[in-house]
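In what follows, a structure is listed as structure tokens, so that the remarks can point back to it.
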Amino acid sequence: MKEYSFTRKVRVYDQADIIVAGGGPAGCAAAIAATRTGKKVILLEHSGQLGGMGTLGNVSIFMGVGNVTGIYREIIAETLPDQLPKSHTESIWPQYNPFLVRHYLNTKLEKEGVKVLYHASFIGVVKEEDTVTAVIVNTREGLVAVEAKGVIDCTGDGRVAIDAGADYTSGREEDGLTQPMTLMFMMTNTGKKVEPYLPEDCYYYKDKAELPQGRHLFWEQGTDGTLLVNMTRVKGNGAKIDDINYAEKESLRQVFSVAHYLQRNGFETYALTHIPGQVGVRETNQIVGHYTLTEADLLAGRRFDDVVAQTNYEIDVHSPDGKPGTDERTLSGYDIPYRSLLPKGLRNVIVAGRSISATHVAMSSMRVQATCYAMGQSAGVAASQAIDKGCDMADIDIHRLHEVLNAQGVVFLK
Ligand SMILES: Cc1cc2nc3c(=O)[nH]c(=O)nc-3n(C[C@H](O)[C@H](O)[C@H](O)COP(=O)(O)OP(=O)(O)OC[C@H]3O[C@@H](n4cnc5c(N)ncnc54)[C@H](O)[C@@H]3O)c2cc1C
């Protein structure tokens with residue numbers, strides 16, 4: 001393989017206590033939580049919006065996790081107050097408006113005092129031995145450096161940890177295949193018949209069996225006539241150039257085809273009204289952490305002393321071969337340990353969100369948004385404590401972490 005080495009002098013744009021890379025559920029919560037502990041936080045977001053897959057990919061429904069707590073609970077209280085459960089142990093599955101949540105997160109992070117850099121992509125770390133001292137960021141002004149004492153990697157792909165040298169795995173143990181990608185879209189009930197439209201190169205699905213997932217999967221919870229559709233499916237790993245290139249085109253083709261099918265099968269008055277700007281990516285890289293969460297932990301309902309998030313969301317593996325079929329198994333509830341957020345070999349990096357250390361099956365459950373918010377919140381507080389103590393992220397006092405999380409409104413089930 002031909003290679004170049006690339007050296008460049010890069011100006012330091014700013015300094016922070018903590019850099020959060022990625023503004024999805026995990027990143028937003030991490031940034032808020034760390035800021036609330038008095039730290040200067042800079043959040044780098046590759047796109048022009050916060051919310052990650054929830055807004056960017058139009059994944060605008062929260063799956064139930066059995067513990068509506070912390071920042072996630074606040075978000076529900078502030079955006080969907082009617083859905084707020086009395087007890088934090090009650091599961092909710094609310095559909096939400098991704099455009100409003102996008103606006104809400106902009107305002108929320110601004111009010112909290114987080115410095116968000118939009119259109120700012122993490123591209124590499126500057127390291128001194130096992131410590132990251134700065135990150136290189138591609139911005140609208142070109143490459144800049146941002147210095148920090150700690151980094152929370154919420155890119156969903158483990159991008160920071162991997163660049164800093166962490167080991168990672170990808171997909172199923174036997175063949176490396178990840179869950180497929182899906183472009184979720186919206187249709188709206190116009191109240192009058194809509195002419196079904198099928199662009200060139202799209203598919204005419206005769207019946208349910210011919211659909212990409214071989215099933216119907218949509219939600220219509222609100223009163224504004226919005227139908228949220230999760231019915232496309234494209235094989236591939238969203239962290240691979242060729243796979244994502246194919247998926248962007250193929251998933252859009254499927255969107256038009258599924259919409260056309262629905263307009264002929266029960267949704268005759270629904271127009272195709274929103275297609276997000278990028279395909280949804282479920283699974284890419286998992287860092288190798290101090291502990292790897294496994295299917296056995298989930299099935300056993302395992303509890304950990306260093307719990308940082310809890311969920312009872314099911315095992316939910318969309319078939320990695322891209323064909324119809326989903327491995328769905330209910331769970332009683334389990335803990336995610338702090339050690340799964342710590343990439344081996346790095347002193348001041350925490351990973352939160354869907355790319356923590358977990359097996360393919362375990363990640364299929366812990367990946368949903370509420371759990372990512374919970375992991376992010378814990379990571380934000382943990383990073384802050386490590387900075388205060390002058391220790392490695394791995395050496396914080398878990399009891400103290402739980403105390404501060406508790407003061408931030410987080411309740412863990414015993
Ligand atoms: C099709 C689909 C359906 C799903 N269905 C549901 C559902 O019904 N309910 C549910 O709760 N969950 C669902 N999920 C899961 C959930 O949406 C994600 O797992 C969750 O959003 C992950 O959160 P995260 O913060 O870890 O990462 P992401 O949401 O992936 O966010 C990562 C963020 O980091 C940014 N980023 C990436 N690289 C960089 C970089 N180099 N520099 C700067 N920023 C970067 C991205 O732009 C993004 O904003 C679904 C996911 C998909 C794809």
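Once amide H atoms are built 1.01 Å from N in the peptide plane, which residues 5 or more positions from Thr273, or in another chain, come under 5 Å H to H?
Here Met186, Met187, Thr188 satisfy the definition.
With each run of n ≥ 4 DSSP H residues scored as -39500 (n - 2.57), what mean residue ellipticity at 222 nm is computed for the chain after dividing by its residue count and rounding to the nearest 500 deg cm²/dmol?
After summing the helix terms and dividing by residue count, I get -8500 deg cm²/dmol.
State the percent of C-alpha pairs, over all pairs in the range 1-152, separated by a distance greater than 19 angstrom.
Percent of Cα pairs beyond 19 Å in the range 1-152: 57.
Over 23 Å between Cα atoms, which of Lys115/Lys240; Lys344/Lys389; Lys149/Lys389; Lys39/Lys111; Lys40/Lys108 qualify? Don't skip to the answer; put the middle values down first.
Working: Lys115/Lys240 30 Å; Lys344/Lys389 20 Å; Lys149/Lys389 12 Å; Lys39/Lys111 14 Å; Lys40/Lys108 16 Å.
From the list (Lys115/Lys240; Lys344/Lys389; Lys149/Lys389; Lys39/Lys111; Lys40/Lys108), the Cα-Cα distance tops 23 Å for Lys115/Lys240.
For the range 165-245, which trypsin sites (Lys or Arg not before Pro) are both in a DSSP coil and crowded by at most 16 other Cβ atoms within 10 Å?
Values: sites: Arg172, Lys192, Lys193, Lys206, Lys208, Arg215, Arg233, Lys235, Lys240; in loops: Arg172, Lys192, Lys193, Lys206, Arg215, Arg233, Lys235, Lys240.
Of the trypsin sites (Lys or Arg not before Pro), the ones in loops of the range 165-245 whose Cβ has at most 16 other Cβ atoms within 10 Å are Lys192, Lys193, Lys206, Arg215, Lys240.
Tell me the angle of helix 70-79 to the major Cα principal axis of the chain, expressed in degrees between 0 and 90 and rounded to the nearest ten.
For helix 70-79, the angle is close to 40 degrees.
In whole Hz, with x marking every Gly and Pro, tabulate ³J(HN,Hα) for the range 243-250 from phi via Karplus 6.51 cos²θ - 1.76 cosθ + 1.60, θ = phi - 60°.
Going residue by residue, I get 5, 6, 4, 5, 5, 4, 7, 5 Hz, with x marking Gly and Pro.
In whole Å, what are the extents of the range 96-175 along the principal axes defined by its C-alpha atoms, from largest to smallest?
For the range 96-175, the Cα extents along the three principal axes come out at 39, 36, 23 Å.
Relative to the longest principal axis of the chain, what angle (0 to 90°, nearest 10) does the C-alpha long axis of helix 369-389 take?
Approximately 10 degrees, to the nearest 10.
Once Rh for the range 185-274 is found with the Kirkwood sum over Cα pairs, what is the Stokes-Einstein diffusion coefficient at 10 °C and 1.306 mPa s, in µm²/s?
Using the Kirkwood radius from Cα pairs, D works out to 116 µm²/s.
Summing +1 for each Lys or Arg and -1 for each Asp or Glu, what net charge is found among the other residues whose Cβ lies under 10 Å from the Cβ of Ser319? The partial results should precede the final answer.
Details: positive: Arg233, Lys235, Lys323; negative: Asp321, Asp327.
Cβ neighbours under 10 Å give a net charge of +1.
If you restrict to DSSP beta bridges whose two residues both lie in the chain, what percentage is antiparallel, to the nearest 5?
Antiparallel: roughly 65 percent of the beta bridges in the chain.
Which of these, Glu314, Glu174, Glu328, has the largest mean-square fluctuation under a Gaussian network model of the chain (Cα springs below 10 Å)?
Its mean-square fluctuation being the largest, the pick is Glu174.
Just from the alpha-carbon atoms, what are the Rg and Dmax of the chain in angstroms?
Computed over the Cα atoms of the chain, radius of gyration and Dmax are 20.9, 65 Å.
Coordinate-derived values only; no laboratory data. These numbers come from a predicted model, not from an experiment. Quick reminder, even Gly has a Cβ in these numbers, built from the backbone with ideal geometry, and neighbours come from all protein chains shown.
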